[in-house]
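The values are calculated or read from the model by the stated rules, or taken from the named source; none is laboratory data. Just so it is clear, the structure is predicted and the values come from calculations on it, not from any experiment. Note: ideal-geometry Cβ built from the backbone for every residue, glycine included; neighbour counts use all protein chains shown. These area figures cover heavy atoms from the full protein model, side chains too; ligands, DNA and RNA do not enter into them. Shrake-Rupley method; radii C 1.70, N 1.55, O 1.52, S 1.80 Å.
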Amino acid sequence: MLVVMNKTATAMEINAVVAAIEAKGLTARPIPGGQRVAIGVLHNQGHIDASPFLGLPGVKEVIPVTRPYKLVSREFQPDDSIIRVGENAIGNGHLTIIAGPCAIESERQALTIARLVKQSGAKLFRGGAFKPRTSPYAFQGLGEDGLKILARVRDATGMPVVTEAMDHELFDLVEEYADVVQIGTRNMQNFSLLRRAGRSDKAILLKRGLSATIEEWLMAAEYIMEAGNARVILCERGVRTFAHHSRNTLDLSAVPVVQKESHLPIIVDPSHAAGRRDQVIPLSRAAVAVGAHGLMVEVHHQPETALSDGAQSLYPEQFTELCSQVAPIFRIFRPDGIAPVISIP
Ligand code: PEP
Ligand code: MN
């Protein structure tokens, strides 16, 4: 349930509504918005009687919330969330490109790639220090050394860094170094990890699970928001299907569906969807056309010798081409026709 206040409601009136909600053993979450202040009611089991709240000073209306996810839903917050990371604004009206290798392999490798992708238009640098690999014999990442390299890349280039926290135990360490903490596909329903991410002050990039429905994905985001962190960015990265012509099937329909259901930004990772580099540029064009707020792309200067995901990593020249192809598409498809803020030179 959502208690919507009059535009002119005072702080005292808002506090009184919060107190009335909490007196019933429920949780009140004030949600400031451009047009209105609303107070979300959480942790109710079943129907709540709205009449006691309707009579309180400053209350405009009480709206039942029909979705199972609440804080992530547009019912709770009609305005798009814009997540700020360094100087970047991620969300509606912006196209933010995140690029870098699958895994951090050395300082030289990371810095070389970071400088190249920055030149072409990447605003954030990605790279795994802890890698979730299918095989225990595959390269598992450099661990904390990889995180230290990421910090040096940030110092050298000014780009904020995105890296994955694979489990609850390592979250503290990853959080010390990362600007955006990634929760990977395999962990989308790791609820203790989601709760820990919810207690972080870092932005969280939440990838869609390998075969997660949109509802399951948004419920995972709800775990993070419910625990107190509203800085959640969703990332569609393909789902598992019968198809073998690509590693996964990029579900582009997820973008408009998520944008209808939720105020959170949604970006697309065409690299893990495709699994092969020849599909990455066309899928990126499509993702931007369908309205994604950004892309996350794997790039390597020597993909033949990459320690993970070389086959899907773009050569730096291909990444430059990708950036120049998506920029005009973004301009054309801005839905509101307002001059876009383009994070690409
Ligand atoms: C990654 O982005 O490094 C990664 C492992 O992706 P996913 O969780 O989507 O497989
Ligand atoms: Mn990868």
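Data table
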item: Failed criterion for Pro32 (all others in (1) open to solvent by less than 70 Å² (accessible area, probe 1.4 Å); (2) under 30 Å from Ile267 (Cα atoms) hold); result: (1)
item: Residue list for the stretch 1-29, restricted to those being of a type in the set (Val, Ile, Thr) and either surrounded by fewer than 12 Cβ atoms within 10 Å (Cβ to Cβ) or part of a strand (DSSP E or B) (or both); result: Val3, Val4, Thr8, Thr27
item: Condition check for Ala273: in contact with a Gly (Cβ under 7 Å, 6 or more places away or on another chain), open to solvent by less than 10 Å² (accessible area, probe 1.4 Å) and not in a strand (DSSP E or B); result: yes
item: Single residue of Arg67, Arg154 found to be open to solvent by 10 Å² or more (accessible area, probe 1.4 Å) and within 30 Å of Phe333 (Cα to Cα); result: Arg67
item: Pro328 assigned to a helix (DSSP H, G or I), modelled with pLDDT of 95 or more and either closer than 28 Å to Glu75 by Cα or away from ligand 2 (no atom under 16 Å from the Cβ) (or both); result: no
item: Test for Lys131: is it in the same structural domain as Ala292 (by TED's automatic domain parsing) and not in a loop (DSSP other than H, G, I, E, B); result: no
item: Enumeration of residues in the stretch 289-314 that are buried (at least 24 other Cβ atoms within 10 Å of the Cβ) and assigned to a helix (DSSP H, G or I); result: Gln312
item: Output for the stretch 35-62, where each listed residue is touching a Ser or Thr at 6+ places or on another chain (Cβ under 7 Å) and open to solvent by 50 Å² or more (accessible area, probe 1.4 Å); result: His43
item: The stretch 276-288: number of residues that are touching a residue at least 40 places away in the same chain (Cβ under 8 Å) and open to solvent by 10 Å² or more (accessible area, probe 1.4 Å); result: 3
item: Any hit, the stretch 280-302, residues being over 23 Å from Met219 (Cα atoms), within 12 Å of ligand 2 (Cβ to nearest atom) and in contact with a Cys (Cβ under 8 Å, 6 or more places away or on another chain); result: yes
item: Subset of the stretch 31-82 [touching a strand residue (DSSP E or B) at 6+ places or on another chain (Cβ under 7 Å) and on the phi > 0 side of the Ramachandran plot]; result: His43, Gly58
item: Conditions (1) away from ligand 2 (no atom under 16 Å from the Cβ); (2) part of a loop (DSSP other than H, G, I, E, B); (3) farther than 29 Å from Thr213 by Cα; (4) not hydroxyl-bearing (Ser, Thr, Tyr); number of the one not met by Phe139; result: (1)
